[in-house]
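Read-outs: derived from the displayed coordinates by stated rules, not from any lab. Not measured: the values here are computed from a predicted model. All Cβ positions, even for glycine, are placed from backbone atoms using ideal geometry, and neighbour counts span all protein chains on display.
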Amino acid sequence: MASITELKSDVSVPLTVASSGSSSSSSSSSSNSSNGVDHCSILTSVGIISDVQYCDIPNGQSYDKTEERYYRNSLEVARSAVTWWNKQPHLSAVIHLGDLVDGRNNRGGPQQSHAAANLLQSTIMASKAPAYFMIGNHEMYNHDRVSLCKRFGWGRSSVVGTWADLKLAHPDSFPPPPTPTIIPHDDLVASTEEPYYAYFAIQPHPGLKILVLDSYDLSVLGRPIDHPKYVQAREMLNERNKNEDENSPEGLDGVNRRWVAFNGWIDKPQLAWLEAHLEQAAKKGQAVIIAAHIPLHPGVCSEIALLWNYDEVLSMLSKWRPFLKAVVCIHGHDHKGGTYYDEESGIHHQVLEAALLCAPGRFAYGRIDLHHDRLQIVGVDRMTSATIPFTSPKPLTASAPSTVASSSSSSSSPPPSLR
Ligand SMILES: [Zn+2]
């Protein structure tokens with residue numbers, strides 16, 4: 001077991017490490033926790049960071065003036081994250097959970113948007129393990145979905161986010177790759193009418209599946225206004241939010257405040273893809289991490305930061321949770337961060353503290369460790385740590401038929417394969 005002193009020697013910042021949780025719930029800790037991490041029992045580690053939202057502008061405040069944003073310093077946080085990740089002995093992947101560069105980059109035109117994205121993408125891709133990037137609203141304030149999919153390698157059935165992909169899209173922008181290590185990519189892909197989509201699965205270890213969702217499957221961002229998905233999202237939003245400023249929740253109460261333009265909806269083909277992966281994970285006896293930019297549970301975030309159809313996705317996850325060792329949902333978007341354990345479903349939800357809110361000398365990144373009996377979120381400085389113990393999954397029936405695509409209209413009923 002590594003001592004806390006050894007762990008701290010990796011970085012010049014405070015390190016938070018969670019204590020072990022009970023057998024029935026997850027536990028989280030703030031920066032004062034001091035229990036160690038058993039490096040010997042780590043099967044694999046995945047680096048995490050969110051909302052770097054870089055822009056070469058002075059510090060500023062959020063729209064509602066509740067948060068101080070450090071637009072330039074977030075680059076230093078990303079660099080520090082890579083240095084720390086590269087010292088982790090079991091690192092197999094790193095993930096940025098969306099909003100890599102701030103929308104204000106677009107004030108300098110496409111050139112500035114691309115330059116900022118290149119800088120941050122290449123910074124994070126200096127990780128010794130493959131780096132994966134997720135879609136956030138700020139991605140689409142800078143780029144359309146098609147160019148984003150090319151940039152980040154989304155929509156491929158084999159490997160996403162590799163140096164090869166990136167060099168192909170931007171041949172003059174990047175130095176050679178540091179390490180050509182590629183983790184196996186699970187290619188169970190849903191049929192979709194779009195040539196590009198931003199959801200994908202990563203399997204960094206046989207015991208762990210990470211399902212990266214596209215929170216903006218249906219949204220008013222990133223697509224031309226005659227695109228059928230834009231038209232559908234526009235109708236949904238206009239019906240519920242009558243404000244001139246569609247980013248304002250004024251007049252909306254409770255969870256209805258989520259009906260703003262910077263959120264989105266996960267559509268049926270993606271839900272079918274998600275369910276197929278959940279079933280496959282249950283069959284393989286895996287733990288599952290759901291990674292989505294927009295949070296899925298009102299208990300973990302502000303109501304204004306919720307996915308439009310969060311209830312539908314939660315219902316599906318709850319349905320499959322008893323058949324899996326663990327389901328952990330991680331998000332960005334709501335910069336202050338948060339953690340919530342849903343007793344009823346047994347699902348742990350966590351919003352990662354934004355790198356953007358780190359003043360100089362402060363940090364927010366970490367890793368998720370897979371152990372044989374738990375998932376452990378190890379946060380550095382402002383990032384909250386948590387321990388999520390595994391439960392014994394219920395067995396699937398041997399004669400289980402495929403559930404794919406049959407579920408999105410009946411997500412509150414038991415999985416078809418289990419009836
Ligand atoms: Zn966001």
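The stretch 40-54 and the stretch 360-388 have Cα centres spaced 7 Å apart. Amide H contacts of THR44: LEU370, each under 5 Å away and 5 or more positions distant or on a separate chain (H built 1.01 Å from N in the peptide plane; Pro and chain starts excluded).
What shape does the stretch 263-392 take by its C-alpha gyration tensor, where a ≥ b ≥ c are the square roots of the eigenvalues and a/c under 1.5 counts as rounded, a/b above b/c as prolate, and the rest as oblate? Oblate is the answer for the stretch 263-392, as a/c is 1.5 or above yet b/c matches or exceeds a/b. Here the Karplus curve 6.51 cos²θ - 1.76 cosθ + 1.60, taken at θ = phi - 60°, turns the phi angles of the stretch 313-325 into couplings of 5, 4, 4, 5, 5, 4, 4, 8, 3, x, 9, 10, 5 Hz, with x standing for Gly and Pro. Once backbone amide H atoms are built at 1.01 Å from N, VAL101 has GLN53, TYR54 as its partners under 5 Å, excluding neighbours fewer than 5 places away on the same chain.
Taking the number of Cβ atoms within 10 Å of each Cβ as an exposure proxy, the fewest-first ranking of VAL327, VAL300 is VAL300, VAL327.
Cross-link reach is defined here as a Cα-Cα straight distance under 17 Å, omitting same-chain residues fewer than 8 places apart; for LYS268 the lysines meeting it are LYS229, LYS319. Applying the Karplus relation 6.51 cos²θ - 1.76 cosθ + 1.60 with θ = phi - 60° to the stretch 76-86 yields 3J(HN,Hα) values of 5, 5, 5, 5, 4, 4, 5, 4, 5, 4, 5 Hz, where x marks Gly and Pro.
Could you tell me the calculated FRET efficiency between TYR63 and GLU239, based on Cβ-Cβ distance and R0 = 30 angstrom, to the nearest 0.05? Plugging the Cβ-Cβ distance into 1/(1 + (r/R0)^6) gives 0.80. Computed extension length for GLN280-ARG107: 57.8 nm, one decimal, from 0.36 nm per residue of separation with the Cα-Cα distance subtracted.
Residue order for TRP85, TRP259, fewest other beta carbons within 10 angstrom first, comes to TRP259, TRP85. Peptides 284-292, 86-94 ranked from most to least packed give 284-292, 86-94, packing being the mean of other C-beta atoms within 10 angstrom over each peptide's residues.
Working note: Karplus 6.51/-1.76/1.60 with θ = phi - 60° gives the stretch 260-271 the couplings 10, 6, 8, 10, x, 10, 9, 8, 4, x, 5, 5 Hz, where Gly and Pro are set to x.
Note on ASP56 and GLU344: with the Förster distance fixed at 56 Å, the Cβ-Cβ geometry gives a FRET efficiency of about 0.80.
Classification of the stretch 208-275 by its C-alpha gyration tensor yields an oblate form. The axis ratio a/c (a ≥ b ≥ c) is 1.5 or more, and b/c is at least a/b. Averaging Cα coordinates gives a centre for the stretch 69-91 and one for the stretch 100-127; these two points are 16 Å apart. Counting 0.36 nm for each residue step from ASN247 to THR397 and taking away their Cα separation leaves a gain of 49.4 nm. Each of SER385, SER392 has some number of other Cβ atoms within 10 Å of its Cβ, and from fewest to most they run SER392, SER385.
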